[in-house]
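Working notes, structure below.
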Amino acid sequence: SLLILNLVTMLFDRLNEGGPFFMYPLFFILILLIILIVKGFLQKGSVEKTMSLISSIALFAIVWGFLGQIIGLIGAFDAIESIGEVSPAVLAAGLKVAFLAPVLGMFTFLVGRLGIIILTWLKKD
C-alpha cells in the first residue's frame, strides 16, 4: 500500500515537472490507448477501425510530446538570453525537464505500436 502510494506520488511529480499542459494529456492518451488495445482484443470481427484509431492517436502522442519539448526549449532559451549566464547545473536541470514530454510521448507511441503489432498478429484472416 505504501509502495503504491509512493509510485503514484512519483508519477504525478514527474507529470507536473514535465509541464502539466503537455504531460497530463499524454498520460490520458496512454490510458486511452491501453483501453483501445484491450477493446481490440475483446472485439469480435474486424478490428481495422480500432487499429487505425490506435495508430493515429499514438502518432499524435509522439508529436504532442515533441511540441512540448520545442515550446519548453524556446522558453528556456529566452530565459537564458535574458539572464546572460547560466550554470551548467541549471542548464542540465532544464534539459532534463525538456525531455520528459517527448519521452512520455515516445513511450505512448511504442505502447500503441506494440498493441497494433499484437492485434495484427492475432487477427483472423
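By the rule of a C-alpha distance below 17 Å, with chain neighbours fewer than 8 residues away ignored, the lysines paired with Lys123 are Lys39, Lys44, Lys49. Taking Gly84, Gly115, Gly68 as the candidate residues, the one with maximal mean-square fluctuation in a Gaussian network model of the chain, Cα springs under 10 Å, is Gly84. Solvent-accessible area per residue in the chain equals 67 Å², computed with a 1.4 angstrom probe and all protein chains kept. Against the chain, whose longest principal axis is taken from its Cα atoms, helix 88-122 shows a tilt of about 0°.
Here the scattering of the chain is modelled by Debye summation over its C-alpha atoms, one equal scatterer each and no solvent; at q = 0.15 Å⁻¹ the log10 of I(q)/I(0) is -0.76.
Overall, the ratio between the Cα radius of gyration of region 37-105 and 2.2 N^0.38 Å, rounded to two decimals, is 1.72. As a length-normalised measure over Cα pairs under 8 Å and 6 or more apart, the relative contact order of the chain settles at 39 percent. Computed from backbone phi, the HN-Hα couplings of region 74-83 come to 4, x, 5, 5, 4, 5, 5, 4, 6, 7 Hz, rounded to whole numbers (Karplus: 6.51 cos²θ - 1.76 cosθ + 1.60, θ = phi - 60°; Gly and Pro given as x).
Rounded to the nearest whole Hz, the Karplus-based 3J(HN,Hα) values (6.51 cos²θ - 1.76 cosθ + 1.60, θ = phi - 60°) of region 4-12 follow the sequence 5, 4, 5, 5, 5, 4, 5, 4, 5, with x at glycine and proline. Listed by chain and number, the aspartates and glutamates whose C-alpha is less than 13 Å from the C-alpha of Lys124, apart from same-chain residues fewer than 8 away, are Glu48.
Taking every alpha-carbon pair under 8 Å whose residues sit at least 6 apart, region 12-73 reaches a relative contact order of 38 percent. For region 31-48, 3J(HN,Hα) computed residue by residue from phi via the Karplus equation (6.51, -1.76, 1.60; θ = phi - 60°) reads 5, 4, 4, 4, 4, 5, 5, 4, 4, x, 5, 7, 6, 8, x, 6, 10, 4 Hz, glycine and proline entered as x.
Here region 1-73 was treated as a single set of alpha-carbon atoms; its pair distances binned every 10 Å from 0 give 18, 37, 29, 16, 1 percent.
The values are calculated or read from the model by the stated rules, or taken from the named source; none is laboratory data. None of these values were measured; they are calculated from a predicted model. The protein model used for the area step is the full one, side chains on, heavy atoms only, and it has no ligands, DNA or RNA in it. Shrake-Rupley method; radii C 1.70, N 1.55, O 1.52, S 1.80 Å.
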